[in-house]
Amino acid sequence: MLTSKLEMTSARMITPNFSIVATKILKKSDTIYYAEGAEFTTCRDCTESWIVSGKKLDIEIGEYVQIYHALVKVKGVDVLYLPYIALPIKNERESGVLFPRISNKDDEGFTLEQPFYWAINQSQDATFTPTFLSERGYGLDLEYRQTLSSMSWYEFSSKMLMDTIYYPEMKNTERSGEKYFRHFTEFENHGHWSDNMYHHLRVVGSKDNDFLQDFSLYTEDFVRSNDLGVDFFLERHFENFDMGVETVYKNNLITNQAVGFDDSYVQILPKIYFNTKPLNILELDSDYLYKLTFGLSSDYTVFKQNRLQESSFRRNVGRLDASPYLEWQLFSLGPFQLKTTYGVDYQSYRFMAENQEKFYKESGLVSTELNFTIDRIFGLAYEEQYSANEIKEQDLEKISTKANLGKNVLSDAIIGKLPAIDNNLKNENIIVKKNSFRHSQEFKFIHHQLVHGSEEGNDAFNEQIATEEGWFDYRDAITEDTLELDSDEARKQIPLKNTLELQWNNVLIRKSPNKFDFFVDNKYLKDNFTYTKLGYFNVSQGYFLGTSKGDDVEDKLTRLLVEGAYSTKTWNFSFNDYYFHNGGDYILTMNGQKRFDLVNFLAQYHYNSFPDSSLKTIKSGFQFRPIDVLGFAVLQEYDLDADENLSFIYQLDFMPLNNCWIINLNYRETQDEKRSAVNFIFNFGNNDFDTYRTNFFNFNRLSQ
């Protein structure tokens with residue numbers, strides 16, 4: 001009689017996710033097994049790193065393994081006894097206890113966080129993290145997530161605690177015997193109602209502003225600006241235009257008060273906008289005067305304080321902002337193109353206070369652009385197949401070490417060097433990929449001319465927006481005066497009053513063939529390529545054509561912008577530099593990263609020489625991985641002007657090759673806190689575990 005049952009003694013059961021060694025294994029069905037005197041592990045090296053042994057095991061493939069009288073061993077050492085434990089042996093999310101997080105902070109002592117994960121269903125999950133803070137008290141972290149559709153979701157996150165050492169009036173590290181409830185909460189929702197309509201809502205709040213400093217490791221992932229509150233927008237796209245509404249209601253963080261609402265802070269309640277796509281008015285089949293296009297960007301914004309405040313500035317205003325334009329393509333001959341654009345910036349302000357005169361301002365700008373492009377292509381992108389018998393041994397060795405070979409070719413992307421080529425290898429076919437490169441140069445000559453501009457109405461408001469402190473945003477600036485403003489954003493712009501701008505833009509692109517797909521007809525030469533932007537180099541210089549700036553050439557030069565970037569598999573570098581001829585000041589940013597086999601170096605440099613926004617900082621670090629199981633990293637940010645550290649991080653990772661667990665030790669210090677932490681990451685078949693191992697040279701992980 002045939003049966004699906006099978007009994008084995010002194011047996012071993014090996015699957016891609018786990019292995020079991022037992023004195024007896026009984027197969028009850030295709031998915032149900034029973035074992036006695038067994039050892040269970042998910043390690044690749046069987047029982048060498050950790051095991052859970054038990055008298056009896058019930059195994060359901062793709063679900064759970066239930067272990068009775070379980071004994072946990074690490075490296076052969078008995079660690080923990082449990083009368084019963086159930087472990088998931090499937091790739092789907094599972095509810096259960098996550099590994100704790102342990103940290104220590106100066107003056108505040110030891111912190112223990114124990115997360116519990118609840119996989120509610122395929123579209124919902126939650127994490128509860130009770131927290132013990134030895135000096136502050138007890139707390140709880142909550143996270144809830146739900147997907148409503150493929151593009152609609154919401155999430156809720158909150159950190160709460162009953163704090164025994166915090167006073168709202170002043171910070172103190174001595175216990176008061178009283179408890180003060182504190183929290184930081186975020187709610188975020190995105191709804192995609194259709195392909196053309198969606199909304200986004202984000203609400204962030206805190207019981208007190210000191211929470212952001214006391215628990216910066218938690219809050220830094222949520223704080224994106226110097227205020228907290230409500231952000232909301234709803235947008236609808238049509239064929240030729242889009243429209244929407246936006247609302248911002250927030251509390252200012254840059255204030256002396258730790259608790260309460262800054263009523264003087266200006267809110268946006270609401271902003272309604274309407275924008276058109278470029279609309280063709282005229283289009284001819286000609287090389288001259290062949291296209292006339294119209295467009296419009298507009299909005300009406302209500303700026304309002306929570307409560308009206310006495311101030312020298314008018315802060316409760318409704319502003320209409322409209323920017324219509326006409327663009328005329330004058331000619332297109334080979335690589336040469338000429339076009340001109342006439343645009344109007346118009347703003348009108350209505351004040352909510354009684355008996356306040358309205359204010360209007362407008363400007364008209366004509367920009368004429370002549371550009372031509374020069375492209376040069378190097379090489380041809382294609383795949384070529386050779387038989388090893390047709391190639392000499394020395395040539396075969398050269399081909400085998402090329403870095404741009406496909407999956408089925410020889411490569412040096414392995415540990416150590418390639419062995420000598422033998423005769424068996426020569427019988428294989430070898431595919432060689434050839435790349436091509438395109439260097440594109442674009443030259444632009446752009447003339448900017450303010451043809452008209454005026455302001456009328458409320459004189460007090462006209463004086464208010466003459467400086468950056470009086471603006472609601474950059475749109476309040478008077479166009480003709482932007483060059484004279486002490487604002488980095490204004491300084492970086494090309495002045496628009498009778499100015500000629502020269503741009504020289506370069507880009508280098510690599511074209512690589514993809515693997516040929518025999519199942520896609522007639523598309524190999526059309527779309528079977530990958531394009532990669534390797535680098536760029538751009539120069540922009542403005543020159544005053546008017547006579548108001550003096551007769552010297554240097555007096556007529558506006559800011560000079562030089563920017564560029566280049567990247568390869570092992571290193572990348574980028575920079576942008578604004579140089580101001582009148583005064584010799586700089587605004588410079590540089591980023592560089594170089595990776596070797598064992599070491600990765602990173603450097604970032606920021607420099608601003610203007611006295612009112614002086615900045616000189618450098619951020620540097622390295623990651624060293626001498627062996628596969630051990631990695632060490634250091635990251636430091638330093639203020640060169642103040643001659644002091646802003647922050648630094650030391651981090652050590654121990655990552656055994658058995659793919660079972662990882663220990664992460666880190667110490668970080670900022671101007672606000674010093675904290676050490678231990679993270680123990682265990683592999684229960686989670687795909688994210690491999691990601692942690694393979695991204696060791698990713699510096700983003702250090703800042704988390």
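The values are calculated or read from the model by the stated rules, or taken from the named source; none is laboratory data. What you see is a predicted model, and the numbers here were worked out from it, not measured in a lab. No Cβ is skipped: glycine too gets one built from the backbone with ideal geometry, and neighbour counts run over all protein chains shown.
Remarks
- Matching entry among F222, F238, F215 (being surrounded by fewer than 17 Cβ atoms within 10 Å (Cβ to Cβ) and touching a residue at least 24 places away in the same chain (Cβ under 8 Å)): F238
- Unique residue being closer than 18 Å to G295 by Cβ, assigned to a strand (DSSP E or B), in contact with a Leu (Cβ under 7 Å, 6 or more places away or on another chain) and of a type in the set (A, V, I, L, M, F, W, C) when the list is L330, L338, L370: L330
Table: residues versus (1) assigned by TED's automatic domain parsing to the domain that holds Q623; (2) assigned to a loop (DSSP other than H, G, I, E, B).
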position: T530; (1), (2): no, no
position: L534; (1), (2): no, no
position: Q541; (1), (2): no, no
position: R559; (1), (2): no, no
position: Y566; (1), (2): no, no
position: N582; (1), (2): no, yes
position: Y586; (1), (2): no, no
position: T589; (1), (2): no, no
position: F601; (1), (2): yes, no
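- Test result for T558, over 21 Å from Q441 (Cβ atoms) and surrounded by fewer than 14 Cβ atoms within 10 Å (Cβ to Cβ): no
- Scanning the range 297-322 for residues that are crowded, with 17+ Cβ neighbours inside 10 Å and among the aliphatic types (A, V, I, L, M), we see that the one that is nearest to V248 (Cα to Cα) is V302.
- Selection within the range 514-552: residues that are surrounded by 15 or more Cβ atoms within 10 Å (Cβ to Cβ), within 26 Å of I494 (Cβ to Cβ) and hydrophobic (A, V, I, L, M, F, W, C). The member of this set that is modelled with the lowest pLDDT is F544.
- For the range 551-597, a residue qualifies if it is basic (K, R) and either over 21 Å from Q503 (Cβ atoms) or in contact (Cβ under 8 Å) with a residue 60 or more places away in the chain (or both), and the qualifying residues are R559, K569, K594, R595.
- Of all residues making up the range 30-57, the number that are modelled with pLDDT of 85 or more and over 19 Å from W661 (Cβ atoms): 11
- Restricting V203, V248 to those that are touching a residue at least 24 places away in the same chain (Cβ under 8 Å), hydrophobic (A, V, I, L, M, F, W, C) and on the phi < 0 side of the Ramachandran plot reduces the list to V203.
Rundown of residues vs (1) modelled with pLDDT of 90 or more; (2) surrounded by 17 or more Cβ atoms within 10 Å (Cβ to Cβ); (3) in the same structural domain as F99 (by TED's automatic domain parsing), yes/no style:
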position	(1), (2), (3)
V629	no, no, no
V634	yes, no, no
N666	no, yes, no
D690	no, no, no
N695	no, no, no
Q704	no, no, no
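- In a residue-by-residue description of the range 611-624, the property of being surrounded by 14 or more Cβ atoms within 10 Å (Cβ to Cβ), touching a Phe, Trp or Tyr at 6+ places or on another chain (Cβ under 6 Å) and in a loop (DSSP other than H, G, I, E, B) applies to no position.
- Hey, N280 without any contact (Cβ under 8 Å) to a residue 24 or more places away in the chain, within 28 Å of R675 (Cα to Cα) and surrounded by fewer than 15 Cβ atoms within 10 Å (Cβ to Cβ) or not: no
- Exactly one residue among S487, S411, S440, S454 is small (G, A, S), modelled with pLDDT of 90 or more and either out of contact with any strand residue (DSSP E or B) (no Cβ under 8 Å at 6 or more places or on another chain) or within 27 Å of A381 (Cβ to Cβ) (or both), and that residue is S440.
- Of the residues making up the range 148-166, those that are of a type in the set (S, T, Y) and surrounded by 15 or more Cβ atoms within 10 Å (Cβ to Cβ) are S152, Y154, S157, S158, T164, Y166.
- Test: residue in the range 283-295 that is among the hydrophobic types (A, V, I, L, M, F, W, C) and under 24 Å from W193 (Cβ atoms): no
- Residue match in the range 261-276 (condition: part of a loop (DSSP other than H, G, I, E, B) and hydrophobic (A, V, I, L, M, F, W, C)): yes
- The residues in the range 301-316 that are modelled with pLDDT under 95 and assigned to a strand (DSSP E or B) can be counted, and the count is 2.
- Complete set of residues in the range 352-367 that are closer than 30 Å to P495 by Cα and in a loop (DSSP other than H, G, I, E, B): K358
- The residue that is nearest to H190 (Cα to Cα), counting only those in the range 132-160 that are in a strand (DSSP E or B) and among the small types (G, A, S), is S152.
- Qualifying residue in the range 35-43 (condition: over 21 Å from V74 (Cα atoms), assigned by TED's automatic domain parsing to the domain that holds K73, acidic (D, E) and surrounded by fewer than 19 Cβ atoms within 10 Å (Cβ to Cβ)): no
- For the range 650-664, residues that are at pLDDT below 90 and assigned to a strand (DSSP E or B) total 6.
- For the range 553-594, the set of residues classified as modelled with pLDDT of 90 or more, of a type in the set (K, R) and closer than 29 Å to F697 by Cα consists of K594 only.
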